[in-house]
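Below is one structure, written out as structure tokens; comments come after it.
Values in this text are rule-based calculations from the coordinates and carry no lab data. For clarity, every value in this text was computed on a predicted model and none was experimentally measured. Backbone-built Cβ (ideal geometry, glycine too); neighbour counts: all protein chains shown.
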Amino acid sequence: MDGIDSGGTDREDDVLDAYSRVVSGVAERLIPRVASLRMRGGRRGESSGSGVVLTSDGHLLTNAHVVGDGNAVSGTAEFEDGTTAQLQLIGSDPLSDLAVLRADRAIPDPPEYGDADQLRVGTLVVAVGNPLGLAGSVTAGVVSALGRSLPTRSGAASRIVEDVIQTDAALNPGNSGGALADGRGRVVGINTAVAGIGVGLAVPVNSTTRRIIYALLHDGRVRRAYLGLVSTPAPLRPQLSERFGQRTALRVVEVIGGSPASKAGLQPGDLVLAVDGKPLRDAQSLQRLMFADAIGRRTEITAIRNGALVDVVAVPAELDG
């Protein structure tokens, strides 16, 4: 009609078209590279989920909770093109909720993997899964929060999966172990859980998880160091914050009897500032340092006790289970 400007609607259509092109482009790249998994073995018997091609020689990446527990876990992977492969578990790490599987035949080439540390709140992401009966499931949304924590447990050991990605891209049943990708089709996370209506969580692909994946590929397990501390982040008083250049430290809540921390003389109430000179601002800062190379190595711990600076030396042991 005369006098009515339809330019706004045209622009909105252009934006929607661009959005659709991005999502469909990501789907086109990833759907062939995300398999439907059916796993057998362990205490749960059978389980299912999704898995993402990890390497060109037949490895797939999925969630540890998808493959279950036990060393005798095996299963099958089915791809969009009809390729079916038998799977064998290479390694599983419940404390990061990641697992690596190996196919017995040629499978599609892997997608490109990105760096979740480059994500920002509001970034477009696409969740791609291949749950049984819903082949090629694709949903889109945005990163709704970063830095979330996901408690995990393996036997008596517990850990916090750090920097978990929160998204409003809907996760369908069986999407666990599938890919969370950015707008360029790079895998930046492995979908792991539905945290509520409209809230999904993904384990990030970043420097820490790449280290875990490497260990699973080459050793079949992740060796971690153990200090024996239960701690919580605590703010530093302004004068201490200015002196040490950090706003928070880790307050020791409990020291496990007979642990390396106990033998080093750490006490409940201590404020741990740094390990080997690296500042600790949260529990994740300490977890990043507690990998295989720290086992049996003299480790300098800097803490504040009753307002005084204390330096102790601990020798981390290997975490069992």
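Brief remarks on what is shown
- Dipole of segment 225-318 [Lys/Arg +1, Asp/Glu -1 at C-beta], most positive-end residue of Gln284, Leu273, Gly258: Leu273
- Rounded, prolate or oblate (a/c below 1.5 giving rounded, otherwise prolate when a/b exceeds b/c) for segment 112-219 by Cα gyration tensor: rounded
- Classified by the C-alpha gyration tensor, segment 243-283 has a prolate form. Its axis ratio a/c, with a ≥ b ≥ c, is 1.5 or above, and a/b is larger than b/c.
- Tilt relative to the chain, helix 7-30 - C-alpha long axis, 0 to 90 degrees, to 10: 70
- Across segment 225-318, C-alpha contacts under 8 Å between residues 6 or more apart give a mean separation that, scaled by the residue count, equals a relative contact order of 30 percent.
- Contact order relative to length of segment 112-219, as percent, for alpha carbon pairs under 8 angstrom and 6 or more apart: 28
- Expected 222 nm ellipticity per residue - DSSP helices of 4 or more, -39500 (n - 2.57), all of the chain, to 500: -5000 deg cm²/dmol
- For the chain, fraction of C-alpha pairs farther apart than 29 Å, in %: 45
- Kirkwood-based shape ratio for segment 225-318, expressed as Rg/Rh from alpha carbons: 0.94
- Computed over segment 48-112, the P(r) curve from all C-alpha pair distances, binned at 10 Å from the origin, holds 23, 58, 18, 1 percent per bin.
- Alpha carbon centroid spacing (whole Å) that separates segment 275-318 from segment 83-126: 31
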